[in-house]
Amino acid sequence: MKKEDFVEELQFLHKNLSHYLSYWPAGKEGWKPAENSFSLLELACHLYHLPGDYALILGGKLKELEEKSTGEREEKGADDLRAVLDYGMAALFSAMASLSDEEWERKLFPCPFYPSATAKKHLFQLITHMHHHRGQFHLYLKQLGQPVDTETVYYGQTEEQFS
């Protein structure tokens, strides 16, 4: 995959995850599908912070990422989550744009969660991670009675991406 392909997929996820917040069930932030699960808000915070977390990885700011991941989240609902997503995506696109083709393909970036990897591999990990948690988020919303469906899953996808 080329850098442009990653950008397209991240733009889709940005638009799609922003749309998912229109289904946010206010007052249900603490809801959990099972005793040992993340709450709706905990899952959403993790998902919506991921782009910013990976921007820190690509920017070599692991200390800042470590401090951020041990702190308490301040987000309380859809507006806060949208702001975190927008900020994180902007930071991620900026970090990606700053990388040369050589750095994109060959430079290793350390990560506190798994072995060092190229930017390309980190972004592949990010996208699969986000799709995984988006599926969980979709299921949480469905269990809470929100009208999410297949159209919600593909909201924001362009026709060109299907060809």
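The values are calculated or read from the model by the stated rules, or taken from the named source; none is laboratory data. Everything quoted here is computed from the prediction, not taken from an experiment. Don't worry about glycine lacking a Cβ; one is built from the backbone with ideal geometry, like all the others, and counts go over all protein chains shown. Heads up: the accessible areas ignore ligands, DNA and RNA and are worked out on the full protein's heavy atoms, side chains in. Shrake-Rupley method; radii C 1.70, N 1.55, O 1.52, S 1.80 Å.
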Over the stretch 87-143, the set of residues surrounded by fewer than 18 Cβ atoms within 10 Å (Cβ to Cβ), among the hydroxyl-bearing types (S, T, Y) and either part of a helix (DSSP H, G or I) or out of contact with any Lys or Arg (no Cβ under 7 Å at 6 or more places or on another chain) (or both) is Y87, S94, S98, S100, Y114, S116, T128
Check K61, K32 and return the single one that is over 13 Å from the mean Cα position of the chain (by Cα), closer than 18 Å to F93 by Cβ and not acidic (D, E). K61
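For every residue, the table says whether it meets (1) among the hydrophobic types (A, V, I, L, M, F, W, C); (2) modelled with pLDDT under 95.
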{"position": "E29", "(1), (2)": "no, no"}
{"position": "K61", "(1), (2)": "no, yes"}
{"position": "E72", "(1), (2)": "no, yes"}
{"position": "K76", "(1), (2)": "no, yes"}
{"position": "D86", "(1), (2)": "no, no"}
{"position": "W104", "(1), (2)": "yes, yes"}
From the list D80, D5, which one is over 11 Å from the mean Cα position of the chain (by Cα), among the acidic types (D, E) and buried (at least 17 other Cβ atoms within 10 Å of the Cβ)? D80
Looking for something open to solvent by less than 30 Å² (accessible area, probe 1.4 Å), at pLDDT 95 or above, under 14 Å from the mean Cα position of the chain (by Cα) and not hydroxyl-bearing (S, T, Y) - is there at least one such residue anywhere in the stretch 19-26? yes
Just one of the numbered conditions (1) outside any helix (DSSP H, G or I); (2) in contact with an Asp or Glu (Cβ under 9 Å, 6 or more places away or on another chain) is not true of Q146; which one? (2)
Does at least one position in the stretch 120-142 carry a residue that is among the small types (G, A, S), within 22 Å of Q11 (Cβ to Cβ) and over 17 Å from the mean Cα position of the chain (by Cα)? no
Close pairs from the stretch 96-121: first without any contact (Cβ under 8 Å) to a residue 40 or more places away in the chain, partner open to solvent by 80 Å² or more (accessible area, probe 1.4 Å) and outside any loop (DSSP other than H, G, I, E, B), Cβ under 7 Å, at least 6 apart: S116/L108; A117/L108; T118/E105; T118/R106; T118/L108
Among the listed residues G145, G52, G88, G77, which satisfies the condition of being touching a Pro at 6+ places or on another chain (Cβ under 6 Å) and in contact (Cβ under 8 Å) with a residue 12 or more places away in the chain? G88
On the basis of being closer than 30 Å to Q143 by Cβ and assigned to a helix (DSSP H, G or I), does K68 make the cut? yes
Might you let me know whether the stretch 28-48 holds any residue that is open to solvent by less than 40 Å² (accessible area, probe 1.4 Å), aliphatic (A, V, I, L, M) and over 21 Å from T152 (Cβ atoms)? no
